[in-house]
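One structure below.
The values are calculated or read from the model by the stated rules, or taken from the named source; none is laboratory data. Keep in mind that what you see is a predicted model, and the values were worked out from it rather than measured. With ideal geometry, Cβ positions are generated from the backbone for all residues, glycine too; neighbour counts draw on all protein chains shown. The area values use the complete protein model at the heavy-atom level, side chains included, leaving out ligands, DNA and RNA. Shrake-Rupley method; radii C 1.70, N 1.55, O 1.52, S 1.80 Å.
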Amino acid sequence: MSEIAVLVGSLRHDSINRKFAEALERLAGDRMKFTYADLASLPHYNEDLWANVPESVTRLKAVVDGADAVLMVTPEYNRTFPGVLKDAIDWGSRPWGKSSWGGKPVAITGTSPGVIGTAIAQHHLRTSMVAVGTAVMGQPELYYAYKAEHFDADGQITDKATKDYLETWIASFADWIAKTGK
Ligand code: FNR
């Protein structure tokens, strides 16, 4: 079973991205164990804080360091990814020589009610994750235009075409981890 550090770029209680991540978790079954990183308490990146490292930063780096791979599930805010994810990327990339990202297999997805389903946010995020040296899965892509009617009351995906595609995508992520992971 692969350990997956999951970074959801929304802090909202009723986040559709969190719901989407949990649907993916169910589809992954016993192939993956998801650990959701707590991004709510991360401060903005500030080099001075390394003198007295915030607990939230230590925890974030421990979750990523201990994982076989990273799953990023992003909303789109004004045609890019939210600042909370950028702070997580920046904290994870430091101190110099102790980046948590180098070589990690990464998959990026996300959802919004808009028809392009976070495509632009995901591409921006991809650029940053390549810059920090992760092995980002290029294909298949997963831009999900959120539809409440695709989910049942327990948060399971019931729409067959969507579920089939998500299953293919998760299987591809598992293959990607096997190919590129340590
Ligand atoms: C949005 N939303 C949005 N949606 C989109 O498809 N493209 C966009 O550029 C934006 N921009 C945007 C900016 C800001 C500041 C907010 C708060 C929202 C709508 C967004 O997709 C919607 O609120 C989702 O429900 C956010 O995801 P979570 O928080 O439910 O996971």
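General observations
- Between helix 16-28 and the chain: long-axis angle, C-alpha atoms, 0 to 90°, nearest 10: 80
- Counting only DSSP beta bridges with both residues in the chain, the antiparallel share comes to about 10 percent.
- A simple spin-label model places the labels of His123 and Leu11 2.9 nm from each other, with each point 7 Å out along Cα-to-Cβ.
- Its DSSP H runs of at least 4 residues, each contributing -39,500 (n - 2.57), put the calculated 222 nm mean residue ellipticity of the chain at -12000 deg cm²/dmol, to the nearest 500.
- The Cα trace of the range 13-134 gives Rg and Dmax of 14.4, 45 Å, the first to one decimal, the second as a whole number.
- Annotation for Arg26 and Asn46: the two label points, set 7 Å from Cα along the Cα-Cβ direction, are 4.1 nm apart.
- Each of Gly133, Tyr144, Gly110 was scored by the projection of its Cα onto the charge dipole of the chain, and the greatest displacement toward the positive side belongs to Gly133; charges sit on the C-beta of Lys, Arg, Asp and Glu.
- The angle between the Cα long axis of helix 160-180 and the longest principal axis of the Cα atoms of the chain comes to about 40 degrees, rounded to the nearest 10.
- On the chain, 53 percent of the accessible area sits on carbon and sulfur atoms, based on a 1.4 Å probe.
- The range 78-179: trypsin sites (Lys or Arg not before Pro) falling in loop per DSSP and having at most 13 other Cβ within 10 Å: Arg79, Lys98, Lys147
- Relative contact order [Cα under 8 Å, 6+ residues apart], the range 2-180, whole percent: 24
- Accessible surface, the chain, averaged per residue in Å² (probe 1.4 Å): 49
- Between Asn78 and Trp96, the contour length at 0.36 nm per residue exceeds the alpha carbon distance by 3.4 nm.
- Close amide-amide hydrogen proximity is noted between Arg94 and Ser100, each under 5 Å apart and 5 or more residues distant or on a separate chain (H modeled in the peptide plane; Pro and chain starts excluded).
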